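Take a look at the structure set out below.
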Amino acid sequence: MIRLENVNKIFHQGTVNENHAIRNVNLQIKEGDFITIIGSNGAGKSTLFNLIAGTYAPSTGNIFLNNSDVTNEPEYKRAKYIGRIFQNPSLGTASNMTLEDNMMICSRKGFKGLKISLNKKTREYFKKELLLLDMDLENRLTDNVQLLSGGQRQSLTLLMMVLSRPQLILLDEHTAALDPKNAAKVLDLTQKFVSEYGLTTVMITHNMGHAIEYGNRMLMMDKGEIIFDVSGEEKKKLSVKNLVDKFHEIRKTEFQNDETLLSR
Amino acid sequence: MIEGILVEGLIYSIMVLGVFITFRILDFPDLTVDGSFPLGAVIGAQVIISGMPVSLGLLAAFTGGGIAGGITAVIHNKLKVPNLLAGILTMTMLYSVNIRILGNRANVPLLHNKTVITGIHSISEGLMKTEYATLIFFIIFVYIIKKLLDLFFHTDLGLTLGAMGNNEQMIISQGVNPEILKIIGLALSNGLVALSGALAAQYLGFADVSMGIGIIVSGLASVMIGEFIFKSNKIAVLTLSAVIGSIIFKGIMYFARIYGYAVRMTPNDLKLITGLMIIVLLILSKTKIFKRKKGLE
Ligand SMILES: Nc1ncnc2c1ncn2[C@@H]1O[C@H](COP(=O)(O)OP(=O)(O)OP(=O)(O)O)[C@@H](O)[C@H]1O
Ligand SMILES: [Mg+2]
């Protein structure tokens with residue numbers, strides 16, 4: 001459904017700060033895929049998401065969505081079929097508005113008119129959806145979102161993202177800012193929504209265990225390139241240990257501390 | 001006297017509502033206001049002078065202000081200039097435009113024309129004192145505008161506007177073009193400001209191209225006074241606080257004008273007072289937030 005062809009991204013091209021953040025990436029994401037991405041800091045993972053989401057255009061190369069070229073389509077247009085969650089829980093919600101207002105805004109993508117859609121019926125629907133989170137949020141529809149904890153906010157963001165049933169969801173370390181308990185909860189929810197609604201998913205994580213455990217395909221990125229691409233049975237057999245070995249084998253490098261290589 | 005303060009406060013509260021929309025809801029500090037307020041005044045005046053109905057003048061003023069706000073938004077969107085600069089550009093250009101609309105004059109009297117005020121007088125004649133009639137009219141007028149705004153900010157579009165001021169990324173992620181929202185928000189805001197300008201000119205009995213100088217600061221002061229009194233996340237309370245803030249501001253200004261001579265103040269000092277008032281309010285609100293945070297810990 002999404003195809004990247006020879007995509008390059010060079011920041012500050014032609015200056016001393018030139019930074020070749022994405023190098024010749026070719027990637028095809030199929031419908032129903034759940035892809036995890038790992039890679040060290042600055043490997044280009046978020047940049048890859050920004051290119052797919054349309055935050056900026058690639059320096060060279062093309063991006064196709066369902067076979068139509070969307071390389072230069074602005075982010076807000078692509079957002080109609082792409083959902084996205086960031087590491088920072090505050091980026092997904094309007095903090096000084098109520099839960100119900102936030103959910104209303106997210107329940108349907110695209111330009112909104114002069115209709116008043118927030119009524120008894122939609123509130124009931126929101127309550128029913130919030131029950132899925134099991135965080136007692138269904139009784140806090142008129143609370144401002146800023147009163148919620150980071151884990152609650154990120155769970156709400158996840159729920160609001162799937163309300164509009166996007167075709168593709170991009171998760172950028174969406175549990176990294178949470179404590180382990182909340183992170184596990186949000187990951188569980190993610191898995192639940194993904195399988196329930198059959199969402200095509202790409203998830204960046206610094207947790208190699210999660211990268212192996214979740215999804216049907218895994219990409220390893222380094223210095224702007226996808227250096228390892230594994231799926232199916234082969235992926236299931238991986239362990240954190242042979243992931244690190246794999247990295248050395250590919251990059252022919254030796255680091256003092258293997259863990260700093262792929263995780264933080 | 002008290003009716004005078006109330007009426008002026010109500011007329012200017014329409015402008016304050018416009019300032020509230022840009023500064024507080026859209027988080028787009030918009031200085032177009034200093035130009036769109038007199039724009040409304042001169043458009044309204046010209047329509048009246050040419051003999052057309054007063055209501056048409058008000059509608060034209062609202063539309064003119066809306067276009068001015070839209071231009072600021074487009075400058076900001078397309079040229080990627082900071083919002084303050086975009087507003088200053090439009091405001092400066094409007095100064096010339098306003099003089100042109102008045103037929104190369106800087107001001108025009110409206111004492112012998114049919115205005116909103118004369119309209120009220122002719123209806124209320126013999127029923128009650130004209131001051132009271134004017135007051136009642138403006139209470140109803142502002143109430144309707146406030147209600148319409150409350151309603152607007154409950155619509156899907158209104159909610160989205162509110163969210164954009166808080167988190168633009170969220171709006172983009174929802175498939176909405178923030179550029180369009182900014183045009184809509186600024187047009188609405190400046191439309192209200194111009195409407196307020198048209199009414200102010202008719203109430204004062206003249207339109208003057210310099211009547212907008214410092215309007216943005218007095219609007220902001222009014223918004224802040226209102227916020228100082230009410231704290232809420234409900235739009236209906238926020239708009240009410242803007243209206244009340246405007247009336248209190250006019251009251252303070254009135255007393256500064258009347259009793260200021262005791263401390264050798266002249267009307268020229270009023271803008272300085274307004275600025276100082278904002279500074280004091282900023283300090284007070286900072287300490288207030290400080291206190292509230294402490295209370296939560
Ligand atoms: N908007 C930008 N302008 C300039 N350089 C950028 C920009 N965004 C990213 N970069 C650079 O591109 C490179 C890749 O950054 P990116 O954020 O994609 O890394 P990442 O793999 O997501 O890292 P992390 O794990 O730390 O999130 C970095 O060198 C970064 O400094
Ligand atoms: Mg990143």
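The values are calculated or read from the model by the stated rules, or taken from the named source; none is laboratory data. Quick caveat, the model's predicted, so the values are computed rather than measured. Neighbour counts run over all protein chains shown; Cβ positions are idealised from the backbone, glycine included. All accessible areas refer to the heavy atoms of the entire protein, side chains included, with ligands and DNA or RNA removed. Shrake-Rupley method; radii C 1.70, N 1.55, O 1.52, S 1.80 Å.
Model label points for A:Lys121 and B:Thr287, set 7 angstrom from Cα along the Cα-to-Cβ axis, are 5.3 nm apart. GNM remark for chain A: springs join alpha carbons under 10 Å apart, and the peak mean-square fluctuation among A:Glu124, A:Glu213, A:Glu138 falls on A:Glu124.
Take every DSSP beta bridge whose two residues both sit in the protein assembly as shown; close to 55 percent of them are antiparallel. Placing unit charges on the Cβ atoms only, positive for Lys and Arg and negative for Asp and Glu, gives chain B a dipole magnitude near 620 debye about its Cα centre. For segment B:145-288, the square roots of the Cα gyration tensor eigenvalues, ordered a ≥ b ≥ c, give a/c of at least 1.5 with a/b greater than b/c, which places it in the prolate category. The peptide list B:5-13, B:109-117, put in order of mean Cβ contacts within 10 Å with the highest first, becomes B:5-13, B:109-117.
Packing order of peptides A:30-37, B:245-252, highest average first: B:245-252, A:30-37 (average count of other Cβ atoms within 10 Å over each peptide's residues). Name the shape class, rounded, prolate or oblate, that the alpha-carbon gyration tensor gives for segment A:115-182, where a ≥ b ≥ c are the square roots of its eigenvalues, rounded holds for a/c under 1.5, and otherwise prolate holds if a/b is larger than b/c and oblate otherwise. Oblate is the answer for segment A:115-182, as a/c is 1.5 or above yet b/c matches or exceeds a/b. B:Leu127 contributes about 140 Å² of solvent-accessible surface, heavy atoms of the protein only, 1.4 Å probe.
Solvent-accessible area lost on pairing A with B (1.4 Å probe, both sides summed) amounts to about 2300 Å².
Within the shell defined by Cβ-Cβ distances under 13 Å, the residues around A:Val145 carry a net charge of -1, with Lys and Arg each +1 and Asp and Glu each -1. Between A:His12 and B:Leu84, the distance separating the two model label sites (each 7 Å from Cα on the Cα→Cβ line) works out to 2.6 nm.
Placing R0 at 51 angstrom, the Cβ-Cβ distance between B:Ser55 and A:Arg165 gives a FRET efficiency of 0.60 after rounding to 0.05. With just the Cα atoms defining each centre, how far is segment A:163-221 from segment B:28-59? Give it in Å. So the separation of the two Cα centres works out to 55 Å.
Of interest is the spacing of the C-alpha centroids, which for segment B:5-21 and segment B:174-218 amounts to 11 Å.
Modelled label positions at B:Val280 and A:Arg108, each set 7 Å beyond Cα in the direction of Cβ, lie 5.0 nm from each other. Take the Cβ-Cβ distance between A:Arg23 and A:Ala184 as r, set R0 to 35 Å, and report the resulting FRET efficiency rounded to the nearest 0.05. Efficiency computed from Cβ-Cβ geometry: 0.55. In this structure, the residue pairs whose Cα-Cα separation is over 26 Å, taken from A:Lys112/B:Lys146; A:Lys30/A:Lys109; B:Lys182/B:Lys271, are B:Lys182/B:Lys271. Compute the label zone of A:Leu238 within segment A:179-218: residues whose backbone N is under 18 Å from the point 7 Å along Cα-to-Cβ. Within reach of a label on A:Leu238: A:191, A:201-218. Each part gets one Cα centre, and for segment A:94-133 versus segment B:97-148 those centres are 41 Å apart. Computed packing ranks the peptides A:109-120, B:199-210 as B:199-210, A:109-120, most packed first, by mean other Cβ atoms within 10 Å. Among the DSSP helices (H) of chain B, those spanning at least 20 angstrom by Cα along their long axis with an average Kyte-Doolittle hydropathy of -0.5 or more are B:2-20, B:33-49, B:54-79, B:83-101, B:130-152, B:178-204, B:215-229, B:235-259, B:270-296; this is a geometric and hydropathy rule only. Using the Cβ-Cβ distance between B:His112 and A:Gln191 with R0 set to 60 Å, the FRET efficiency works out to roughly 0.20. Anything over 26 Å Cα to Cα? Flag those among A:Lys192/A:Lys223; A:Lys115/B:Lys80; B:Lys147/B:Lys250, in the order listed. Pairs exceeding the cut-off: A:Lys192/A:Lys223; A:Lys115/B:Lys80. Oblate is the label for segment B:2-212, because the ratio a/c of its alpha-carbon gyration tensor axes (a ≥ b ≥ c) is 1.5 or higher and a/b is not greater than b/c.
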